[in-house]
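Input: a single structure, listed below in structure tokens.
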Amino acid sequence: MTEKKTKISLALHGGCGVMALEDMTQQEWEEAYEHLKQALQAGWKILQQGGNSLDAVQASVCVMEDSIYFNAGFGAALNGDGKHELDAAIMEGSTLAAGAICGAKHIRNPVLAARRLLDDGEAVLLSGSGADAYAKEQGLACVESDYFTTPRRVEALEAMRRHQIAGTYKTARESEKHGTVGAVALDATGHLAAATSTGGYTNKPVGRVGDSPLIGAGTYARDGVCAISCTGQGEYFIRNVVAYDIAARMIYAGENLQSASTHKIMGEFHNMGVGAGLIAIDANGEVTAPYNTLGMFRAWITSEGYAVVASHDQLYQFNL
Ligand code: ASP
């Protein structure tokens, strides 16, 4: 039986812990935008060629994990011990198959290990040395942990330690604190998928696991409903089971994607002072990307060929 053709859509985020405009040079902003565009291109090419949403989100996240500008893979945040502990998840909406890893120290592209777990169909989430050993056994690229370290992340850790001593954590910029990358997609056969990858927040306690690898908290996809990838202080996303909560509002309360997402990010979290954002796509390929911080790296493209890239309020349209 041939599957029904639907619209295709892809959306990405590079975290809501975006820098203030003056904190990066013009050249750095241009390069960060370029990397976002490359990530969009990588996933879009797959969708356009009739590929599936799972491969598309994986390809997009891999490009962002390899970029110095985003807090995932290369350039990930450092924990309180000055080390990296990486989290990632990927989920497919037609079968609810999922794979995730947390606290990994050596997997060059954490999303690839999550994908292998999804394909294996046994364990959903592997942690720490178990995740690293699994990736190695699967023949995925593994690196020494200092591969992930960049001068900007070292500075951010020092800044957070100063805030800790001075008791000024609340005044720290979102960019000093955290970031994440994520992708959501709808393919031509109507299947939704989501993937998220992160270094967590700067100066996080050793062993801390965020929302990104927790299915239903920071990552969720369900055909006929939506695919979601979240960014922001993970503890709030875990307690509020945000990604699933948005899907549940749509399923049980009949809300649309935009209102369910806006309610959480611009309503509840904004009122609580929680810096947060997400990207999501519904079953019709509609995209939403709310955030309540200074900015959120984001990009999306839909069947209409409308490609957008942004970090702060201004949206830049471009041709893919
Ligand atoms: N959600 C991530 C975490 O808590 C961080 C972020 O998105 O900024 O690990």
Using just the helices of the chain, give the 222 nm mean residue ellipticity in deg cm²/dmol: DSSP H runs with n ≥ 4 each add -39,500 (n - 2.57), and the total is spread over all residues, rounded to 500.
-9500 deg cm²/dmol
Compare the Cα positions of Gly207, Gly179, Tyr169 along the charge dipole of region 161-215 (+1 at Cβ of Lys, Arg; -1 at Cβ of Asp, Glu; about the Cα centre) and return the one farthest towards the positive end.
Tyr169
Could you check the spin-label model distance between Ile68 and Ile251? Points 7 Å from the Cα along Cα→Cβ, value in nm.
4.4 nm
Report the gain in length on full extension from Glu268 to Gln26: 0.36 nm times residue separation, minus Cα-Cα distance, nm rounded to one decimal.
83.7 nm
For region 216-310, what is one quarter of the convex hull surface built on the Cα atoms, given in nm²?
5.8 nm²
Run the 1.4 Å probe and let me know the accessible area of Ser129, rounded to the nearest 10 Å².
100 Å²
Please list, short to long, the whole-number percent of alpha-carbon pairs of the chain in consecutive 20 angstrom bins beginning at zero.
38, 58, 4, 0
FRET efficiency, Leu320 to Asp120 (Cβ-Cβ, R0 35 Å, nearest 0.05)
0.60
What FRET efficiency comes out for Gln38 versus Thr171 if R0 is 35 angstrom and r is the Cβ-Cβ distance? Round to the nearest 0.05.
0.55
Just the number please: accessible area per residue for the chain, 1.4 Å probe, all protein chains included, in Å².
40 Å²
Got a number for carbon plus sulfur as a percent of region 131-201's accessible area, 1.4 Å probe?
53 percent
For Glu155 and His312, what is the calculated FRET efficiency with R₀ set at 22 Å and r taken between the beta-carbons, to the nearest 0.05?
0.55
Please state, to two decimals, what the Cα-based radius of gyration of region 87-223 comes to when divided by 2.2 N^0.38 Å (N = residues).
1.14
How much accessible surface does Lys37 have with a 1.4 Å probe, in Å² rounded to 10?
50 Å²
In cubic angstrom, how much convex hull volume per residue do the alpha carbon atoms of region 62-157 span?
91 Å³
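The values are calculated or read from the model by the stated rules, or taken from the named source; none is laboratory data. Everything quoted here is computed from the prediction, not taken from an experiment. Positions of Cβ are backbone-derived with ideal geometry, glycine not excepted, and every protein chain shown enters the neighbour counts. Keep in mind that these areas ignore ligands, DNA and RNA; they rest on the heavy atoms of the full protein, side chains included. Shrake-Rupley method; radii C 1.70, N 1.55, O 1.52, S 1.80 Å.
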